[in-house]
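Engineer: First the structure, then my questions, so here it is.
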Amino acid sequence: MFSIQPYLNRFQATLQGKLLSVAELLSVAELLSVALAICLATQGFGQDSLADKSWPSDRAPQLLKIATWNLEWFFDDFQGNNRSEVAKEQSAPNRAEWDWRVGNFAAAIAKFEPTILAVQEIEDRGVMQNLTKVLKEQFNLSYRVAFIDGFDTGTEQDVAVIFRSGLVELSRREQNNSMFESKEFYNLSKHLITRFEWQQADRVIPLTLLNLHLRATADAADLRQKQTKLAHEWMRKAIERGENVIILGDFNVEESVGQIKAGGDGMHTILGLDTPNPKDDLIDLLEKAPADKRRTHLILDKQFDRILASAGLVDGQGGYKFKNIEVLSQWNIRGTGADEDHWDTRYTKDYAERDLSDHHPVMATFELTP
Ligand SMILES: [Ca+2]
Ligand SMILES: [Ca+2]
Ligand SMILES: [Ca+2]
Ligand SMILES: [Ca+2]
């Protein structure tokens, strides 16, 4: 009987031979890239070394302006991509209302021109692209969007970052199993890590930024505390090594500047003050705002929105030195004053009077050190 098997075997052997040689080639390439990585690592990848002279990083801006703003249910009028009832309810009621919001947020952002703006309560990448399109077309400001879909299926809210320059990497992190089983941590469904690098002469200035939206309401303090523990743990080693780290966003914390204490609402934890090593501590920049200008909420007398920085960004060792922090309520409040009824009139208030969000933008400015 004729059998095809020997031919098949020969074919397979030939194929394997070829695959093997491809695999061998690959492993040589891999070895080379590992060797290259080791060379780069021994040269150092820090602030004072240039990893690759052929591809300098984006030019370091003289003023690095880093802002955070909770855009309050920044959801477009298309509900076909929403599943949860609350997401549908909170979406813009129609295209005209959505265009109004996008246009007015863009106009506000154009007033303070942040290098990096971390945002919370946004629907998805698409709404951020709506915003950056208007920033470009109407205000001639180029921003790009950094976004990774999160896991808050209840609200469908996400966080994102828009930026003028410098982005080289973005990611999200997860707890490992031992962390999960310890019950000391609580998942951060809304977070984004972005890494930036800027070039100043022969120096590369890196920055790792963690944008957070923590659990809301006073009774969630226990969960929020566990979320802050996770956030700090993720950044701890980088802070210890003296790298430039910023954690910012809507922390929803009840603790105001000056009221922070161990076992409180998470501020003590996220600032690294629970760990004995002072090298993993961060600085709450809102402390440096005038005492009567720290409120970040439109309706509540709260300081929910914070920007925390590693020591090198305050003393200037990191390539940028902290200059000032401002709560920019003037670009959020419109008309004659803050709308006390904002939560009930977000889409019905007179356009001339209507405020943009229930949170104000907060911006920290850093100056390039010579
Ligand atoms: Ca939608
Ligand atoms: Ca979403
Ligand atoms: Ca510490
Ligand atoms: Ca108003």
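Engineer: Just how large is the dipole of the chain about the Cα centre, in debye to the nearest 20, putting +1 at every Lys and Arg Cβ and -1 at every Asp and Glu Cβ?
Structural biologist: Dipole magnitude for the chain comes out near 1180 debye.
Engineer: Kirkwood Rh and Cα-based Rg: tell me the resulting Rg over Rh for the stretch 225-370, rounded to two decimals.
Structural biologist: Ratio of gyration radius to Kirkwood radius for the stretch 225-370: 1.03.
Engineer: What area, in nm² and to one decimal, does the C-alpha convex hull of the stretch 85-145 cast on average over all directions?
Structural biologist: 4.3
Engineer: So, one more: List Glu121, Glu326, Glu184 from most exposed to least, where exposure is judged by having the fewest other Cβ atoms within 10 Å.
Structural biologist: Glu184, Glu326, Glu121
Engineer: Would you please state the base-10 log of I(q)/I(0) at q = 0.09 1/Å for the chain, with intensities from the Debye formula using one equal scatterer on every alpha carbon?
Structural biologist: Debye output, listed in q order: -0.57.
Engineer: Give the angle, between 0 and 90 degrees and rounded to the nearest 10, that separates the Cα long axis of helix 5-43 from the longest principal axis of the Cα atoms of the chain.
Structural biologist: Tilt of helix 5-43: around 50 degrees.
Engineer: In percent, what relative contact order does the chain have, based on Cα pairs under 8 Å that are 6 or more apart in sequence?
Structural biologist: 17
Engineer: Counting other beta carbons within 10 Å of each Cβ, put Ser329, Ser54 in order, fewest first.
Structural biologist: In increasing order of surrounding Cβ atoms, one gets Ser54, Ser329.
Engineer: Okay, moving on. Tilt of helix 125-139 relative to the longest C-alpha principal axis of the chain, in degrees (0 to 90, nearest 10)?
Structural biologist: 70
Engineer: By DSSP, what percent of the beta bridges with both residues in the chain are antiparallel, rounded to the nearest 5?
Structural biologist: Around 75 percent antiparallel, to the nearest 5.
Engineer: Output the 0 to 90 degree angle, nearest 10, between the alpha-carbon long axis of helix 221-240 and the longest principal axis computed from the alpha carbons of the chain.
Structural biologist: 50
Engineer: Roughly speaking, what is the centre-to-centre gap between the stretch 277-308 and the stretch 202-275 when only Cα atoms are used, to the nearest Å?
Structural biologist: 11
Engineer: Can you sort Trp55, Trp100, Trp69, Trp198 so the residue with the fewest Cβ neighbours within 10 Å comes first?
Structural biologist: Trp55, Trp100, Trp198, Trp69
Engineer: Given a cut-off of 25 Å, name the pairs among Lys136/Lys302; Lys111/Lys229; Lys261/Lys321; Lys190/Lys237; Lys237/Lys321 whose C-alpha atoms lie farther apart than that in the structure shown.
Structural biologist: Lys136/Lys302; Lys111/Lys229; Lys261/Lys321
Values in this text are rule-based calculations from the coordinates and carry no lab data. What you see is a predicted model; the values in this text were computed from it and never measured. As a convention, Cβ positions derive from the backbone with ideal geometry for all residues, glycine included, and neighbour counts pool all protein chains shown.
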